[in-house]
Amino acid sequence: MRDAHGIQAEGLAREFKGGIRAVDGIDLSVAPGEIFGFLGPNGAGKSTTVHMLTTLLPPTAGTARVAGFDVAHEGAQVRSAIGAALQEAALDPLLTGNEHLRLQTALHGMPKAERRRRSDELLERVGLTEAADRKVRTYSGGMKRRLDLALALVHGPSILFLDEPTTGLDPQSRNALWTEVARLARDDGVTVFLTTQYLEEADVLADRVGIIDHGKIVADGTPAALKAEIGRPSVEAIPAEPAERAAVARTLERFGASVPGSPKGVAVRLDGGEEQLADVVRALDAEGLHLQHLQLHAPTLDDVFLAKTGRSLEGAGDDELDAESEPEPVPA
Amino acid sequence: MTSGPLLAQVVHLGRRSVLRTLRQPVNVVPSFIFPLILLAVNVGGLESAARIPGFPTDSYLDFALAFTFIQGALFATTNAGTDLARDIQTGFLNRLALTPMKSAALLLGQLAGVIALALIQATLYLTIGLVAGVRPESGVLGVFVIVFLGVLIALGFGAIGAFLALRTGSGEAIQALFPLFFVFLFMSSMNLPRNLIEIDWFRTVTTINPVSYLIEGIRSLIITGWDAQALALGFGLAGGIAAIALAAASIALRGRLARS
Amino acid sequence: MNSFVSVARAVAWRGIHNAFTNPSILVPSLLFPLFFFTAFAGGLSRVSDVPGFDFPAGYTAFQFVFVFLQSAAFGGIFNGFAIARDFESGFARRLLLAAPRRTGIIAGYALVALVRWAATASVVLVVALLSGMEVLGDPAQLFALALLGLLVNVAALLWAAGVAMRFRTLQAGPLMQVPVFLTLFLAPVYVPLELLNGWIHAVASVNPATFLLEAGRGLFAGEPTEVGAAFAIALGAVALLTLWALRGLKSAESAG
């Protein structure tokens with residue numbers, strides 16, 4: 001179902017017992033039909049944000065509207081408009097794929113004939129038709145994730161939440177999932193809110209990216225704009241003959257200022273961006289200089305995170321208090 | 001998409017619960033076998049106790065059969081609890097919470113597995129008892145009442161297991177509490193009638209312990225016939241435990257789901 | 001020999017330290033035998049009114065001996081759980097890598113089982129004495145009973161260790177526990193052998209645990225009976241189960 005409202009959050013916060021603010025007043029806006037990548041290290045507040053937006057956890061401050069409904073006061077309407085594949089695959093190992101879909105469609109109130117048709121359609125879409133009558137405990141990690149996605153799509157939601165959907169998957173399964181997510185947004189107009197630790201995933205899939213750290217949004221924009229914000233690409237050349245190093249340096253310096261590189265190489269920041277790479281190659285060739293290695297270094301989202309927080313995104317969450325794994329508050 | 005009536009949801013969740021229970025023979029089979037082993041051991045070892053002056057029946061088997069239902073119900077507690085705890089740990093409960101499922105449907109559906117197991121257990125224990133020579137004084141109707149009371153007790157114990165699962169979210173915690181339930185069973189009139197327990201403080205404990213009355217309710221249908229007081233206490237306590245445990249589990253479920 | 005002793009001591013120190021500094025480990029192992037003693041001696045005391053029951057020291061003492069030996073057996077089994085847990089967590093691999101004489105590891109676990117059982121048995125004894133239990137055996141007879149308990153404890157530990165080292169998972173717990181449970185309970189638990197009838201009498205008559213139980217009760221009541229047979233069975237079980245445990249150790253070693 002095509003989404004017409006998207007997601008908006010203002011000052012959204014969640015405080016746990018002991019004063020832990022896992023999400024510390026964030027503002028978010030996701031346009032209808034957009035794929036929004038929510039990036040951050042372990043413990044940054046990604047899953048807590050998703051749990052609030054999907055009504056599984058009430059916010060302790062702020063507001064959020066999903067598909068036009070208030071998460072705090074119109075929970076049932078929100079849930080009818082969204083699908084979610086959360087961090088755990090959330091499957092019953094003793095049930096088959098078919099039985100999962102049967103249960104899910106039944107709980108959404110679908111008539112019996114419609115349940116069968118919809119189950120078959122989704123199984124085919126995620127490539128699980130042949131495994132449908134096997135118990136889930138016999139499924140591989142990739143198959144479980146695909147079934148998870150199918151279950152999230154059962155009722156044709158207009159907004160889809162995916163919480164680290166490709167963690168632990170092999171490259172093939174990951175690519176398959178990316179393809180399906182992109183198709184959902186492109187062809188079905190589904191808004192996708194995707195959390196991930198993988199820079200590549202956000203880069204490849206997301207129309208816009210939000211980066212969260214310690215419960216606060218530190219950057220928000222398209223991947224290209226965020227990267228452009230922090231700098232232009234650089235090129236590094238390692239000469240085949242060490243004696244030609246000075247000559248290589250003189251040639252490269254025509255294209256931009258020198259920057260630190262590897263001990264054997266020469267690196268400059270390209271004033272004209274990536275497009276200048278061809279000119280660099282032609283210039284070096286014209287001077288008769290031979291290279292052992294030539295590399296373009298483009299800014300990554302990790303560089304964006306580093307610029308905003310002073311830390312690298314990869315490995316940033318490993319030693320920190322993991323608010324993501326904070327259990328849901330035990331009822332009094 | 002609408003949510004559908006409560007009954008339909010209970011049926012769907014109940015179907016899943018029953019399937020899941022029956023697909024775990026490692027959990028299900030001991031719940032049949034252990035009570036029978038303990039029955040065989042106790043009857044074999046205490047048969048001569050039927051010769052104690054004032055013992056209410058000539059057959060210790062008739063006296064002891066009731067206990068198997070209670071022990072079976074104890075397994076129901078741990079099975080229901082660990083299954084629900086697993087749903088919490090795997091996130092499956094969250095998946096259900098995102099559907100239009102009513103909370104009551106989850107609990108009742110969950111307990112459908114307990115009821116199914118209890119029915120099979122009760123039928124098995126009674127069949128074995130009948131084959132071994134037990135003849136319930138309450139007749140054919142009494143057999144159905146025994147099954148009904150057995151299932152009601154299992155429902156109450158299963159609801160306790162569900163409550164513990166929802167409060168702790170941990171199957172290990174429930175397994176760790178299993179011995180505590182065992183204490184309740186042993187500190188009851190499972191082995192001797194209360195009036196034949198010599199040690200005063202032990203007799204007092206068994207008199208306070210509600211499990212004694214659950215056992216005595218079933219036992220009365222086998223060795224006495226239609227004992228209004230024993231049945232009233234048995235049904236009353238079984239119903240009371242079930243009602244309180246279901247209420248507690250509902251409150252715990254509301255807190256666990258915490259959804260708007 | 002030195003390295004065997006040092007390995008055994010190191011493993012024993014760790015197990016004893018963990019057991020006595022962690023209430024969650026210590027308390028259940030103290031409470032359960034007490035609970036069984038209370039339930040059996042307290043709840044079933046009228047069984048002494050059964051015609052033909054003539055144990056001289058009374059029903060409390062009759063049940064005390066059972067609980068004494070049962071706690072020895074289950075004490076060994078619960079330490080088997082600890083061994084399985086060590087394999088699951090990977091700690092056992094650390095022990096296997098570090099120990100120059102790996103048989104010392106089993107000896108260490110056995111020492112832990114013995115020390116823990118000694119604590120448990122002492123608590124149960126004190127409670128039983130406070131409840132007015134009569135002790136009719138002389139010191140030598142009581143010492144013999146304690147020795148019997150020790151052998152039962154070691155035998156049970158060796159059985160459980162063998163299972164734990166073969167399967168290396170806590171899921172093998174029932175396999176450790178159920179045979180011992182059945183062996184103990186298919187013996188004259190509630191009444192003497194001569195008051196059992198039917199199939200249970202036939203089974204109990206050939207059950208080795210019956211000899212241990214009857215001998216133990218006889219020693220406690222000052223009327224020793226079948227003591228030689230009981231010790232032969234206990235020592236034989238220890239010898240056989242030592243082989244079982246050593247083969248289990250080999251299995252664990254070859255699994256890496």
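Here, each number is a calculation from the coordinates, and none is a lab measurement. Predicted model only: the values in this text are computed from it and were never measured. When we count neighbours, we look across all protein chains shown, and the Cβ atoms used for this are built from the backbone with ideal geometry, even at glycine.
Annotation: region A:232-297 has a Kirkwood hydrodynamic radius of 11.4 angstrom, from the mean reciprocal C-alpha pair distance. Computed from phi, the 3J(HN,Hα) profile of region C:13-21 under the Karplus parametrisation 6.51, -1.76, 1.60 (θ = phi - 60°) reads 4, 4, x, 5, 4, 4, 5, 8, 10 Hz, with x in place of Gly and Pro. Using a 10 angstrom cutoff on alpha carbons, build the Gaussian network for chain B and name the most mobile of B:141, B:214, B:166. Comparing B:141, B:214, B:166 in a Gaussian network model of chain B, the most mobile one is B:141. Amide H to amide H, with H built 1.01 Å from N, residue B:199 comes under 5 Å of C:45, counting only residues 5 or more places away or on other chains. Residues within the reach of a label modelled at residue B:57 (point 7 angstrom out along Cα to beta-carbon, backbone nitrogen below 19 Å), restricted to region B:216-240, are B:216-235. Charged side chains reduced to their Cβ positions (Lys and Arg at +1, Asp and Glu at -1) give region C:2-255 a dipole of some 1420 debye around its Cα centre. Specify the angular offset, from 0 to 90 degrees and rounded to the nearest 10, of the alpha carbon long axis of helix A:112-125 from the longest principal axis of the alpha carbons in chain A. Approximately 20 degrees, to the nearest 10. Quote the Stokes-Einstein diffusion coefficient, in whole µm² s⁻¹, for chain A, based on the Kirkwood radius over alpha carbon pairs, a temperature of 37 °C and a viscosity of 0.692 mPa s. In µm²/s, the coefficient is 148. With the convex hull of the Cα atoms taken as the outline of the protein assembly as shown, the averaged projected area works out to 44.7 nm². Every Cα-Cα pair of region A:145-199 was included, and the share exceeding 12 Å stands at 66 percent.
Taking other C-beta atoms within 10 Å as the exposure proxy, A:214, C:17 rank C:17, A:214 from fewest upward. For chain B, the alpha carbon positions stretch 67, 38, 34 Å along the principal axes, listed from largest to smallest. Taken along its principal axes, the alpha carbon cloud of chain C reaches lengths of 60, 36, 33 Å, longest axis first. The Stokes-Einstein estimate for region B:150-244, based on a Kirkwood radius over Cα pairs and taken at 25 °C with 0.890 mPa s viscosity, is a diffusion coefficient of 171 µm²/s. The ranking of B:17, B:250, A:29 by Cβ neighbour count inside 10 Å, starting from the fewest, reads A:29, B:250, B:17. Between B:153, B:52, B:215, the residue with the greatest mean-square fluctuation in the GNM of chain B (Cα pairs under 10 Å linked by springs) is B:52. May I ask for the longest run of chain A untouched by trypsin sites (Lys or Arg not before Pro) that are loop-located per DSSP and have at most 16 neighbouring C-beta atoms (other than their own) within 10 Å? Maximal segment without exposed cleavage sites: A:135-253.
Only lysine pairs 8 or more places apart, or on different chains, with alpha-carbon atoms under 14 angstrom apart are counted in the protein assembly as shown, and they number 4. Distance from a point 7 Å along Cα→Cβ of residue A:117 to each backbone N in region A:77-109: keep the residues under 19 Å and list them by number. Residues A:101-109 qualify, since their backbone N sits under 19 Å from the label point. Amide H contacts under 5 Å for residue A:23: A:14, restricted to partners 5 or more places along the chain or on a different chain, H placed in the peptide plane at 1.01 Å from N.
Legend: calculated FRET efficiency, residue A:298 to residue A:179, from the Cβ-Cβ distance at R0 = 30 Å, rounded to 0.05, equals 0.80.
Put simply, the convex hull of the Cα atoms in region A:4-98 casts, on average, a shadow of 7.7 nm².
Here the Karplus curve 6.51 cos²θ - 1.76 cosθ + 1.60, taken at θ = phi - 60°, turns the phi angles of region A:249-261 into couplings of 4, 4, 5, 5, 5, 5, 9, x, 6, 5, 9, x, x Hz, with x standing for Gly and Pro.
Among C:124, C:180, C:27, the largest mean-square fluctuation in a Gaussian network model of chain C (Cα springs under 10 Å) belongs to C:27. Among the trypsin sites (Lys or Arg not before Pro) found in region C:73-114, those both in a DSSP coil and sparsely packed, with 15 or fewer other Cβ atoms within 10 Å of their Cβ, are C:101. Counted over the protein assembly as shown, the DSSP beta bridges are approximately 65% antiparallel.
Close amide H partners of residue A:219, meaning residues 5 or more places away or on another chain with modelled amide H under 5 Å apart, are A:211. Between residue B:172 and residue B:226, the simple label model (points 7 Å from Cα in the Cβ direction) yields a spacing of 5.3 nm. Here residue A:253 and residue C:169 are evaluated by their C-beta separation; at R0 = 56 Å the FRET efficiency comes out at 0.30. Sequentially through region B:98-114, phi angles give Karplus couplings (6.51, -1.76, 1.60; θ = phi - 60°) of 7, 8, x, 4, 7, 4, 4, 5, 4, 5, 5, x, 4, 6, 4, x, 4 Hz, Gly and Pro residues having no value and appearing as x.
Over region C:93-248, Cα pairs under 8 Å with separation of 6+ residues give a relative contact order of 31 percent. Only helices enter the 222 nm calculation for chain A: every DSSP H run of n ≥ 4 contributes -39,500 (n - 2.57), and dividing by all residues gives -10000 deg cm²/dmol, rounded to 500.
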